[in-house]
1. Inspect the range 206-215 for any residue being free of Cβ contacts under 8 Å to residues at least 24 places away in the same chain, among the basic types (K, R), in the same structural domain as K239 (by TED's automatic domain parsing) and at negative phi and give the result as yes or no.
2. So, in the range 110-125, exactly how many residues are within 10 Å of I243 (Cβ to Cβ) and under 11 Å from the mean Cα position of the chain (by Cα)?
3. Which of the strands (runs of 3 or more DSSP E) found entirely inside the range 64-127 contain at least 1 residues meeting this: free of Cβ contacts under 8 Å to residues at least 40 places away in the same chain?
4. The conditions are (1) without any contact (Cβ under 8 Å) to a residue 60 or more places away in the chain; (2) not in a strand (DSSP E or B), and R182 fails exactly one of them. Which is it?
5. Under 8 Å between Cβ atoms, at least 6 apart or on separate chains: pull out the pairs that start in the range 130-143 with a residue that is farther than 20 Å from V190 by Cα and end on any residue that is modelled with pLDDT of 95 or more and among the hydroxyl-bearing types (S, T, Y).
6. Could you grab the pairs with beta carbons closer than 7 Å, sequence gap of 6+ or different chains, first residue in the range 33-58 and at negative phi and in contact (Cβ under 8 Å) with a residue 12 or more places away in the chain, second one among the acidic types (D, E) and surrounded by 17 or more Cβ atoms within 10 Å (Cβ to Cβ)?
7. For G55, which of the numbered conditions (1) modelled with pLDDT of 95 or more; (2) assigned to a loop (DSSP other than H, G, I, E, B); (3) away from ligand 1 (no atom under 16 Å from the Cβ) fails to hold?
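The values are calculated or read from the model by the stated rules, or taken from the named source; none is laboratory data. As the structure is a computational prediction, the values presented were derived from the model and not from experiment. With ideal geometry, Cβ positions are generated from the backbone for all residues, glycine too; neighbour counts draw on all protein chains shown.
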Amino acid sequence: MKDLPKKIRVMGEDLVLFRDGGGKTGLLALHCSHRGTSLEYGLVSERGIRCCYHGWLYDVDGKVLEIPGQPVTSTYQDRLYHPAYPTLGYKGMVFAYMGPRDKKPPFPIFDTFELPDYEIVPRKPNFLPCNWVQNKENQMDPIHLSFLHTIVSGAQFNEGFAAVPEMEWIPTPIGMAYIATRRVGENIWVRMADSIMPNIAQVPATTEDGTQAKIFGRPEATNWAVPISDTETMVFAFKRYRIVDGKRVDLSAPRPFDTRSSATRYDSGAPPSVFAAISCSFLMASLAAACAARVIA
Ligand code: FES
Ligand SMILES: [Fe+2]
C-alpha cells in the first residue's frame, strides 16, 4: 500500500483502504459522512484520511478528528462516527474483520503459517468473474486437474496429472480435505488439499509429478476467496517456500525422508477464520481494486 487511498468493494459494499502517516491501516466506508464525496480522493494524513471536499478528517477507526470551520466550542464531531472496519497486517497482507464488534475473535494463525524452515509471502491476487463459492468448489475438485488442465488443454502442470486419481474426501473439524492418490511406477503419489470454512483453501504443489520418493509436502499456497459481489471474486494467497540454507526452495524440490523436522501434526484446534485478506502490500501501487470480505460464519 502506497500513498494513495484505494477504492475497493467487498460483498457489494464500497470502501476505501489506506495507510496513514503513522503506519496504521484504515478501511472506511467510501463515501464521506458529510456530503458523500468519495474518500478515494482523500488526502492520506499523518493520522487518518481527510476528505478532499471540506476537509473532514477521519481516523482509521472512523472517529471524526476534525471538522474545519466548526466553532471551537462545537461538540458535533464527537457525536459522529464514520463506518470503519478493524484491520490487521500479517506477513505482508492486510486482513479485515467485518462482523459484529462484540464477536470479534482473535486473528487465527494456522500451523501452516508459522512452520519452521518455511516462509510465506503474498502472491498476486486473482480476479475471477464468478461467485466465491464456485472458487471454493473448484478447489475441492481435483478431477478437473486431469481433464481441464491436462487432457483437454495439454499439460499445464505436467503429464502426470492426466491420470485420474483415486479420490477420498474427509470432513475435518474446521472444513474438509481431499486426498488424491495415483500410482507412478513404484511410487504412490498422494496430493492433499484442505478447505477451511468459510473461504480458505490450502492446496498442494502443482510442480510435483510423483516420480521422486519424498516426504509429504506442506501446502504450496493458502488462499482466501474474497467476494466482491455475487458475480465477482478475488483470491488472495500466501505462497509457501521451504527455506534451505537461508534460501527459498520450491516445494517440489527433493525432501529426503530423514529431514522431516517440521512435520508436525495438523492442529485442528484453530477456529474457522472470520478474517479475510484484503490486500497484499506489494500490489497496492498498481492495483485499482483490492478486496476484503466479511466472511459468513
Ligand atoms: S463531503 Fe467530505 S468533508 Fe464535505
Ligand atoms: Fe483449476
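1. We begin by selecting, within the range 206-215, every residue free of Cβ contacts under 8 Å to residues at least 24 places away in the same chain; these are none.
No; the residues of the range 206-215 include none that is free of Cβ contacts under 8 Å to residues at least 24 places away in the same chain, among the basic types (K, R), in the same structural domain as K239 (by TED's automatic domain parsing) and at negative phi.
2. Taking the range 110-125 first, the residues within 10 Å of I243 (Cβ to Cβ) are 115-119.
Narrowing further to those that are under 11 Å from the mean Cα position of the chain (by Cα): none.
Number satisfying all stated conditions: 0.
3. Numbers: elements: 64-66, 87-90, 93-97.
Per the criteria, 64-66, 87-90.
4. Every listed condition holds for R182 apart from (2).
5. Pairs that qualify, where the first residue is farther than 20 Å from V190 by Cα and the partner is modelled with pLDDT of 95 or more and among the hydroxyl-bearing types (S, T, Y), are C130/T231; C130/T233; N131/T231; N131/T233; W132/T233; Q134/T233; N135/T233; K136/S195.
6. Every condition considered, the pairs that remain are V44/D20; S45/D20; E46/D20; R47/D20; R47/D59; I49/D20.
7. Checking G55 against (1) modelled with pLDDT of 95 or more; (2) assigned to a loop (DSSP other than H, G, I, E, B); (3) away from ligand 1 (no atom under 16 Å from the Cβ), the one that fails is (3).
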